[in-house]
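A quick write-up on the structure given underneath.
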Amino acid sequence: MSLWNFFTMLLTYGIFIYAVVLVSFYIWIGLYSIGATRKYMRKNSITDYRLLASSPHAPSVSILAPAYNEGANIVENVRSLLSLYYSNLEVIIINDGSKDDSLQKLIASYNLEKTPHHVQYKIATKEIRGIYKSKNPAYKKLVVVDKVNGGKADALNVGINVSANNYIVCIDVDCILEQDAVLKMIKPFLEETDKKVIATGGVVRIANSCIIKDGRLIKVNLPANYWARMQSLEYIRAFILGRMAWARMNGLMLISGAFGAFDKEIAVKAGGYNHKTVGEDMELVVRMRRYMEETQQPYLVSYIPDPLCWTEAPTNTKILGRQRNRWTRGTIETLWFHRIMFFNPRYHLLGMLSYPYWFFFEMLAPLIEAFGIIVFLLMVIFQLINWHVFIALLAFIVSFGYLYAAFAAFMEVTTYNMYRRRTDMMKLLLTALTEPFVFHPFVVWAAIKGYIDYLRKKNAWGEMTRQGFGTPTVPGKN
């Protein structure tokens, strides 16, 4: 056997084994998520959330919402947060050195005045320029912090320092929350007695094409834009299947930065958000878990399948590419910061399964796919391809991907069924047919660019552009 034939055989079998293991993980995730979702829905069907909402003894919660150049929508978004159904609540808006009129609009709309303040800096942050509260008792829950620009992680750390309550809910200010979002997010912290719940995540859905009025979701529609519609399917697959399965076995490493709840004491002891990464949401969860493992405290990271948070998705390749570029860099940075956990039995499931999965099948996947494409093209050029085997494998991979997407859509229909029109689900399934040939290759390419930017030590978020909920396009930061 020649060296070249040996190399190609080794490469072929290596990629085949990688694909088999990845497919096995997807099958396990799909099946394992069923039990978690059914258990949650069965348990919560008899829960009376009104008792928790109105109780003065309910856990105290601070919502932290960083804002940078959100002047176009910030008044309506804050109104939405103030209308949340929960009694023991404060809403903290952190104006992260906005260059637009965000602060002025808040001051005018909510009758704010600058108040004397003393902040205990549990976590080091950029300077606070002022803290504002309303003279109108109707807005007594609202606190607005104006600070020097330092990025989202620094703004969230300022919110942690300013917050007066035991639990924090961190969100993107432009997200639309369901009225009972805080109620459902705080419930896992109360249920567990044997282990300490340190964080809870909730499902994030795509709000593009939905009808939003006065900061409230009026009607759910499937996005009309192809890229947003493709992300709707992606989010259903990731949140209903992936994160529910990992949470069931207490192996979850990521809670979306758009919507997550945390035990403030543990977040502070772990050091707060890391401003040296663009993936601060994932990094905080991993660091909190690492802290609990190293201090040998029993803990849980929980997740709930309720569609509680709605956000605007990128609608063009330019903005989507920047987002996925940043996600890739954030993943690389987080796994590098915590590389000591890689196959380290000291960290139990986190080190032996969760971290390796993210390393091999999330971080390395774009590189392996890109390398596979290059090798495939070389083998075509040198006429080394067995086309019968290749076509059979390609058909299997595409069919499996489509079946997995269909299964995710089925789980959506049999649980919360947010897209009630049959035509919407048909459009979603037809869109899924294009994923292997349009959406997925683009995401892989954006991830490769993320690797390149990481090697170039690029640490910028990149300017984002939001269409807004029924408003003209407005520049801002994601």
Among (1) aromatic (Phe, Trp, Tyr); (2) open to solvent by 40 Å² or more (accessible area, probe 1.4 Å); (3) under 30 Å from Glu70 (Cβ atoms); (4) at pLDDT 90 or above, which single condition is Phe469 missing? (4)
Filtered residues of the stretch 447-466 (kept if open to solvent by 40 Å² or more (accessible area, probe 1.4 Å) and either at pLDDT 85 or above or part of a helix (DSSP H, G or I) (or both)): Lys449, Ile452, Tyr454, Leu455, Arg456, Lys457, Lys458
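Going through Lys114, Lys122, Lys141, Lys99 one at a time, which residue ends up being within 20 Å of Ala267 (Cβ to Cβ) and either in contact (Cβ under 8 Å) with a residue 12 or more places away in the chain or of a type outside the set (Ser, Thr, Tyr) (or both)? It would help to see each step written out before you state the result.
Numbers: Lys114 fails: within 20 Å of Ala267 (Cβ to Cβ); Lys141 fails: within 20 Å of Ala267 (Cβ to Cβ); Lys99 fails: within 20 Å of Ala267 (Cβ to Cβ).
One residue alone meets the criteria, Lys122.
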Return the total of residues in the stretch 191-212 being within 20 Å of Val285 (Cα to Cα) and of a type in the set (Val, Ile, Thr). 5
Of the residues that make up the stretch 330-345, is at least one crowded, with 22+ Cβ neighbours inside 10 Å, among the hydroxyl-bearing types (Ser, Thr, Tyr) and either part of a helix (DSSP H, G or I) or free of Cβ contacts under 8 Å to residues at least 40 places away in the same chain (or both)? yes
Residues (of a type in the set (A, V, I, L, M, F, W, C) and open to solvent by 30 Å² or more (accessible area, probe 1.4 Å)) located in the stretch 261-279: Val268
Looking only at the stretch 392-416, how many residues end up being touching a residue at least 24 places away in the same chain (Cβ under 8 Å) and open to solvent by 90 Å² or more (accessible area, probe 1.4 Å)? 1
With criteria (1) out of contact with any strand residue (DSSP E or B) (no Cβ under 6 Å at 6 or more places or on another chain); (2) part of a helix (DSSP H, G or I), Thr47 comes up short on (2)
Any residue in the stretch 56-77 that is over 21 Å from the mean Cα position of the chain (by Cα), of a type in the set (Gly, Ala, Ser), open to solvent by less than 80 Å² (accessible area, probe 1.4 Å) and within 27 Å of Asn166 (Cβ to Cβ)? yes
Give the number of residues within the stretch 409-445 that are closer than 18 Å to Gln231 by Cβ and among the β-branched types (Val, Ile, Thr). 5
Flagged pairs (Cβ under 8 angstrom, 6 or more apart or on separate chains; first in the stretch 228-248, farther than 13 Å from Val301 by Cβ and open to solvent by 20 Å² or more (accessible area, probe 1.4 Å); second of a type in the set (Val, Ile, Thr) and part of a helix (DSSP H, G or I)) are Arg229/Thr431
Within the stretch 384-416, can you find the residues that are touching a Leu at 6+ places or on another chain (Cβ under 6 Å) and in a loop (DSSP other than H, G, I, E, B)? none
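Of the residues Ser98, Ser102, Ser87, which is within 29 Å of Asp306 (Cα to Cα) and either open to solvent by less than 80 Å² (accessible area, probe 1.4 Å) or of a type in the set (Gly, Ala, Ser) (or both)? Quick ask: steps written out before the conclusion?
Values: Ser98 fails: within 29 Å of Asp306 (Cα to Cα); Ser102 fails: within 29 Å of Asp306 (Cα to Cα).
Selected residue: Ser87, the only one of Ser98, Ser102, Ser87 that is within 29 Å of Asp306 (Cα to Cα) and either open to solvent by less than 80 Å² (accessible area, probe 1.4 Å) or of a type in the set (Gly, Ala, Ser) (or both).
Of all residues in the stretch 360-383, count the ones that are more than 30 Å from the chain's Cα centre (by Cα) and outside any helix (DSSP H, G or I). Explain how you work it out, then say what you get.
Just the residues of the stretch 360-383 that are more than 30 Å from the chain's Cα centre (by Cα), to begin with: 374-383.
When the remaining residues are screened for being outside any helix (DSSP H, G or I), the result is 382-383.
Number of matching residues: 2.
Assess whether Leu284 counts as being buried (at least 18 other Cβ atoms within 10 Å of the Cβ) and within 24 Å of Glu412 (Cβ to Cβ). Outline the logic, then answer.
Details: buried (at least 18 other Cβ atoms within 10 Å of the Cβ): yes; within 24 Å of Glu412 (Cβ to Cβ): no.
In short, no.
For the stretch 417-446, enumerate the residues that are part of a loop (DSSP other than H, G, I, E, B) and buried (at least 17 other Cβ atoms within 10 Å of the Cβ).
Hits for the stretch 417-446 are Met418, Tyr419, Glu435.
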The residue that is nearest to the chain's Cα centre (by Cα), considering only those in the stretch 293-303 that are of a type outside the set (D, E, K, R) and surrounded by fewer than 22 Cβ atoms within 10 Å (Cβ to Cβ), is Leu300
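Among what's in the stretch 304-329 and is assigned to a loop (DSSP other than H, G, I, E, B) and not small (Gly, Ala, Ser), pick the residue that is nearest to the chain's Cα centre (by Cα). I'd like the intermediate steps shown before the answer.
As a first pass, look at the stretch 304-329 and keep what is assigned to a loop (DSSP other than H, G, I, E, B): 312-316.
Next, from what is left, pick out any that are not small (Gly, Ala, Ser): 312, 314-316.
Working: Glu312: 13, Pro314: 14, Thr315: 18, Asn316: 19 Å.
That would be Glu312.
Would a scan of the stretch 288-303 turn up a residue that is in a strand (DSSP E or B) and within 16 Å of Ile123 (Cβ to Cβ)? Lay out the reasoning, then the answer.
Start the filter on the stretch 288-303 by keeping residues that are in a strand (DSSP E or B), which leaves 299-303.
This time we only want the ones that are within 16 Å of Ile123 (Cβ to Cβ), so: none.
Looking through the stretch 288-303, none of the residues is in a strand (DSSP E or B) and within 16 Å of Ile123 (Cβ to Cβ).
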Restricting attention to the stretch 258-275, report how many residues are of a type in the set (Gly, Ala, Ser) and closer than 14 Å to Met185 by Cα. 3
Number of the condition not met by Pro223 [criteria: (1) open to solvent by 10 Å² or more (accessible area, probe 1.4 Å); (2) part of a loop (DSSP other than H, G, I, E, B)]: (1)
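The values are calculated or read from the model by the stated rules, or taken from the named source; none is laboratory data. Because the structure is a prediction, the values reported are computed rather than measured. Here the Cβ is made from the backbone with ideal geometry for all residues, glycine too, and neighbour counts use every protein chain on show. Each accessible area value is taken on the protein alone, full model and side chains, heavy atoms only, with ligands, DNA and RNA left out. Shrake-Rupley method; radii C 1.70, N 1.55, O 1.52, S 1.80 Å.
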